[in-house]
1. Hey, Ile164 hits all of (1) in contact (Cβ under 8 Å) with a residue 12 or more places away in the chain; (2) out of contact with any Phe, Trp or Tyr (no Cβ under 7 Å at 6 or more places or on another chain) but one; which does it fall short on?
2. Report, by residue number, each residue of the range 137-162 that is exposed (fewer than 15 other Cβ atoms within 10 Å of the Cβ) and more than 27 Å from Glu172 (Cβ to Cβ).
3. Spot the failing condition for Leu182; the list is (1) in contact with a Leu (Cβ under 7 Å, 6 or more places away or on another chain); (2) aliphatic (A, V, I, L, M); (3) free of Cβ contacts under 8 Å to residues at least 12 places away in the same chain, and only one is missed.
4. Just checking, which of Arg22, Arg47 is in contact with a Leu (Cβ under 9 Å, 6 or more places away or on another chain), over 25 Å from Thr131 (Cβ atoms) and modelled with pLDDT of 95 or more?
5. Filtering the range 43-68 down to residues that are over 20 Å from the mean Cα position of the chain (by Cα) and within 15 Å of Ala28 (Cβ to Cβ), which residue is surrounded by the most Cβ atoms within 10 Å (Cβ to Cβ)?
6. Can you tell which of Leu109, Leu127 is aliphatic (A, V, I, L, M) and surrounded by fewer than 15 Cβ atoms within 10 Å (Cβ to Cβ)?
7. Quick one: Val94 ticks every box in (1) under 20 Å from Asn129 (Cβ atoms); (2) loosely packed, with under 13 Cβ neighbours inside 10 Å except a single one, so which number is it?
8. Mind checking which residues of the range 1-32 are closer than 16 Å to Tyr69 by Cβ and either out of contact with any helix residue (DSSP H, G or I) (no Cβ under 6 Å at 6 or more places or on another chain) or surrounded by fewer than 19 Cβ atoms within 10 Å (Cβ to Cβ) (or both)?
Amino acid sequence: MSLFADTYTTIEAPSKAEVRERGSRFFAFAFPIENENQVKEQLKTLREEYPDATHHCYAYKLGLDNNHYRVNDDGEPSNSAGRPILRAILSAGVTNVLVVVVRYFGGKLLGVPGLIQSYGEAATIALKNATVLEKELCSHYRMEYPFELENEAYRFLRQEQATITAHHYTGEQNEIEFSLRLGRVERVLNAVKSYHQFKIYYLYTI
């Protein structure tokens, strides 16, 4: 997966799996996500649904590189739960994904190798059970321009294959919010320099 790609692979919808090992039960849940707030929401929901579980361990990955991720062992020995879950995500080649593995202790200690195996296996199966799809990665911008340049602004954005997502009238200045596939961003930002009254502000990429 390249930093300069404008598509990414993720999962289409939530999926789950269950693994049993020496009495312990591991329930894995995989979710498509777009930001860290959604991680918090899914964790809150699972903790409410499984309040008596021994552990709620998780890992997630966002974005195109391998630097935006987090792992959590939730009381298990260090690197015995979150890391194996993250490895499953990386092995599946997906991003914008959260995997939570809920464990019910079965009375027998599994040891660190056993935990690594069980958490990783549960996460791997949950991801294999998911439908994988490719999505476009787009950067979102806001463009401000004088009211009298309305037609010219729309013509420019259509010409550059931008997708208009919102339009606001603010008196003398108009605002358009639009998105661009990542591969077209550099070209458009260079082209807009010819329009001195167009001001473009970066919003976010997703």
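The values are calculated or read from the model by the stated rules, or taken from the named source; none is laboratory data. What you see is a predicted model; the values in this text were computed from it and never measured. When we count neighbours, we look across all protein chains shown, and the Cβ atoms used for this are built from the backbone with ideal geometry, even at glycine.
1. Condition (2) is where Ile164 drops out.
2. Residue satisfying the conditions is Gln161 alone.
3. (3)
4. Selected residue: Arg22, the only one of Arg22, Arg47 that is in contact with a Leu (Cβ under 9 Å, 6 or more places away or on another chain), over 25 Å from Thr131 (Cβ atoms) and modelled with pLDDT of 95 or more.
5. So the residue we want is His55.
6. After ruling out the rest, the residue left standing is Leu109.
7. Among (1) under 20 Å from Asn129 (Cβ atoms); (2) loosely packed, with under 13 Cβ neighbours inside 10 Å, the lone unmet condition for Val94 is (2).
8. Met1, Leu3, Tyr8, Thr9, Thr10, Ile11, Pro32
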